[in-house]
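Asker: Sharing a structure below in structure tokens format, with a few things to ask.
Values in this text are rule-based calculations from the coordinates and carry no lab data. The model shown is predicted, which means the values in this text are computed figures rather than measured ones. When we count neighbours, we look across all protein chains shown, and the Cβ atoms used for this are built from the backbone with ideal geometry, even at glycine.
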Amino acid sequence: MKNRIYIKDLNQNIGQEVIIAGWVDVRRDQGKMVFFDMRDMTGKVQCVTLPSHAEAIEKAKTIRSEWVLKITGMVNKRPAKDIKSNFLNSDLEIEVLKIEVLSEAKELPFDMSLEGYNLELVTELDNRALVLRHPKVQAVFKIEETIIDSFREFMKKNMFFEFQAPSIAPATAEGGAEVFQINYFDKKAYLSQSPQLYKQIAMTAFERVFSVNKIFRAEPSATTRHLTEVVSLDAEMSFIDSWEDVRDMAEGTMRYILERVQEKNKEHLDLLKVELPKMIEHTPNMSLTEAQEKIFAVYGRDNRGDYDLSSQDEIEIAEIVKKETGSDFVFVYGFPTRKKPFYVFPSEKDPEFNEGVDLICRGRELLSGGRRINNYEQLLEHVKTWEMDPNKIKMFLEAFKYGAAPEGGFAFGAERITMQFLELKNIREASMFPRDMERIDERLSE
Ligand code: AMO
């Protein structure tokens, strides 16, 4: 729009006539004057329409929340006594000279004001398109944007090469039943559960690689922490000495993401009234067996010998570590080799356990990764033991046939990070258009 000024820049135009455009936030009539707040992507400003501008005031009396307007007005400084706080534009207002209605809005189905907004998640998701305009909902996605951006930044600073992973796959990378099969012309194919095999292939050529991509999981359970479509932040690196190098890179990435969110999203964190999780100088780490021993010792629940941490275990080990060290993060490594995918590296000391690692934050897994097998013969052996068809992963095997350095990598789900950073009750709040067993935009059943 020609000559339009963004609301955040109004303070550079005091005493001047300007054009702004955006949505009506709220209208308040006071005596003969009409006040309303205008909102654009950069902020909000109060507009006042005086009876002396006859045409403008007649129009102002008809407008309602969410109407889209183009306003011509004077930017006036507010009297000092009316300045209540230091939020954006609290010291100025627009004296409305002309209102052009660009689009009308139907009456809102619920209160969208900052203070009055209070919806159940189901209603929020049923009305996603409208709800996305609320500042608190926007704050979540602005923070998620920083999380994804800063993952990319950190990877690039550390010489990782970004590649595009495919979403259509001929085989399943992670195994298990949690995969969507699709009709691919006259054949069957799968939606990618993970770019795992592709990031490993790319790593053998580019040394360090990362990708930001969608993964698809046919998670059968309708939990508060699973989606069927996830934004996965994946990394893979060559020339490691052990899984600990992978852990350190994962920790560095997470620390950088935390710092960037703290720096860039202060106003959003304030609006949501949340504090980011605390990462201490060295994030504690322990083996699965040690974690199970600790849980048994402190809470008396005996899960020793289980092949993974249950969600209750994750909560309890996080509580123990928080009490002992103040850290909201803990790494757990060393899972039973046979219970994990074929590519995970078995520990040389005790091959029954692998060099896989999970990062838990505030009682929930955020990240998985670890060292992988880079020896071709060992890989072939695992393919056999895991009863996989080598023809289905021929391209992957080819990469390792011709020389692959010791390597490892990790993956985070962007929605999980957002959820744990902001202490959201349900991961669906961290996905703009969440997909799950019960919903693809619309609820699938009543
Ligand atoms: P994993 O299956 O543990 O590991 O997934 C890695 C991370 O992705 C996120 N995530 C999910 N988030 C929401 N809903 C889901 N259904 C879901 N599934 C996964 C979590 C999880 O920690 N290939 C390995 C990674 C690797 O080793 O590099 C993998 O996919 O944040």
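Asker: Quick one: length gained pulling E219 to E438 fully straight, 0.36 nm per residue minus the C-alpha distance?
Answerer: Computed gain between E219 and E438 is 77.7 nm.
Asker: Between K323 and E348, take the C-beta separation as r, use R0 = 56 Å, and let me know the FRET efficiency to the nearest 0.05.
Answerer: Using R0 = 56 Å, I get an efficiency of 0.95.
Asker: Using just the Cα positions, wrap the range 277-330 in a convex hull and report its mean projected area in square nanometres, one decimal place.
Answerer: 3.5
Asker: Only Cα pairs under 8 Å and at least 6 apart count here; give the relative contact order of the range 128-443 as a rounded whole percent.
Answerer: Reported as a whole number, the value is 21 percent.
Asker: Full extension from M395 to N426: what is 0.36 nm times the residue separation minus their Cα-Cα distance, to one decimal in nm?
Answerer: 7.3 nm
Asker: Could you tell me whether the chain comes out rounded, prolate or oblate from its Cα gyration tensor? Rule is a ≥ b ≥ c as square roots of the eigenvalues, rounded for a/c under 1.5, then prolate if a/b exceeds b/c, otherwise oblate.
Answerer: prolate
Asker: What number comes out for the charge environment of P170, summing +1 per Lys or Arg and -1 per Asp or Glu over other residues with Cβ under 10 Å away?
Answerer: Its environment carries a net charge of +4.
Asker: Next question. Based on DSSP, what percent of beta bridges with both residues in the range 128-443 are antiparallel, to the nearest 5?
Answerer: 90
Asker: Continuing with the same structure: For the range 7-103, what relative contact order do you get, as a whole percent, if you take Cα pairs closer than 8 Å and at least 6 residues apart?
Answerer: Once divided by the residue count of the range 7-103, the mean separation gives 33 percent.
Asker: Cα-based Rg of the range 331-376 per 2.2 N^0.38 Å, rounded to two decimals?
Answerer: So the range 331-376 has a normalised radius of gyration of 1.16.
Asker: Which of the peptides 54-63, 198-207, 147-156 is most tightly packed, and how do the rest follow, going by the mean number of other Cβ atoms within 10 Å of each residue?
Answerer: 198-207, 147-156, 54-63
Asker: Could the peptides 133-146, 357-370 be put in order, highest first, of the mean number of other beta-carbon atoms found within 10 Å of their residues?
Answerer: Listed from highest to lowest mean packing, they are 357-370, 133-146.
Asker: Related question: Expressed as a rounded percentage, what relative contact order does the range 258-337 have, with Cα pairs under 8 Å and six or more residues apart?
Answerer: Answer for the range 258-337 is 39 percent.
Asker: Related question: Between L271 and F239, how high is the FRET efficiency from 1/(1 + (r/R0)^6) when r is the Cβ-Cβ distance and R₀ = 56 Å? Nearest 0.05.
Answerer: The computed FRET efficiency comes out at 0.80.
Asker: Where does helix 196-206 land angle-wise versus the long Cα axis of the chain, in degrees 0 to 90, nearest 10?
Answerer: That works out to roughly 90 degrees.
Asker: Taking amide H atoms as placed 1.01 Å from N in the peptide plane, list the residues 5 or more away in sequence, or in a different chain, whose amide H sits under 5 Å from that of L97.
Answerer: T72, G73, M74
Asker: Show me the ranking of peptides 180-190, 341-351, 293-303 by mean Cβ neighbours inside 10 Å, starting with the highest.
Answerer: Order by mean packing, descending: 341-351, 293-303, 180-190.
Asker: If I model a spin label at K2 and T289 as a point 7 Å from the Cα along the Cα→Cβ vector, what separation in nanometres do I get?
Answerer: 7.7
Asker: Would you calculate the separation in nanometres between label points at Y299 and D29, each defined as 7 Å from the Cα along the Cα-to-beta-carbon direction?
Answerer: 5.8
Asker: Need the full-extension length gain, D40 to D126, defined as separation in residues times 0.36 nm minus the C-alpha distance. One decimal, nm.
Answerer: Gain on stretching D40 to D126: 28.5 nm.
Asker: Please give the helix 243-264 orientation as an angle from the longest Cα principal axis of the chain, in degrees from 0 to 90, rounded to the nearest 10.
Answerer: The two axes meet at around 0 degrees.
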